[in-house]
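One structure below.
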Amino acid sequence: RCCPLSPTGAQTTQLLVQPPWTPAVLWDWVTLTCQGSGTTAATTWYKDGQRWGQQGRDSFTVIESGTYTCDRAGTGLSPPVRFLNDWLVLQVPAQALLEGDTVTLRCRG
């Protein structure tokens with residue numbers, strides 16, 4: 001499957017989560033990468049809705065729980081990615097899922 005397009009057919013900003021599981025957990029040493037048009041210098045990061053200190057970088061390893069988004073000039077704000085630091089987490093693959101899809105669940109603790 002390929003990435004969904006916006007209604008106008010334009011590319012949208014996306015957050016790539018590696019390893020690709022959601023919700024993401026801090027103890028997985030997850031890397032977030034902002035993908036969209038424009039230069040790396042045009043990347044603005046937000047944590048819990050506030051501008052955050054990783055400006056001008058397209059990727060980093062997350063070390064604080066919270067909800068992250070990024071903005072790239074030309075393609076706008078990404079969908080949010082939530083990070084947890086809970087003792088027990090049920091995860092699903094970080095991809096679009098449709099009814100009838102076979103899904104692998106991970107119970108992590």
Filtered residue count, region 78-109, keeping only those that are among the aromatic types (F, W, Y) and in a loop (DSSP other than H, G, I, E, B)
1
Scan region 45-72 for residues that are open to solvent by less than 60 Å² (accessible area, probe 1.4 Å), more than 11 Å from L15 (Cβ to Cβ) and not in a strand (DSSP E or B) and report the count.
4
A careful count of residues in region 78-103 that are among the hydrophobic types (A, V, I, L, M, F, W, C) and exposed (fewer than 15 other Cβ atoms within 10 Å of the Cβ) gives 8
Failed condition for L32, given (1) open to solvent by less than 50 Å² (accessible area, probe 1.4 Å); (2) modelled with pLDDT under 85:
(2)
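The values are calculated or read from the model by the stated rules, or taken from the named source; none is laboratory data. Just so it is clear, the model here is predicted, and its values are computed rather than measured. Positions of Cβ are backbone-derived with ideal geometry, glycine not excepted, and every protein chain shown enters the neighbour counts. Areas reflect the complete protein model, heavy atoms only, side chains present, ligands, DNA and RNA absent. Shrake-Rupley method; radii C 1.70, N 1.55, O 1.52, S 1.80 Å.
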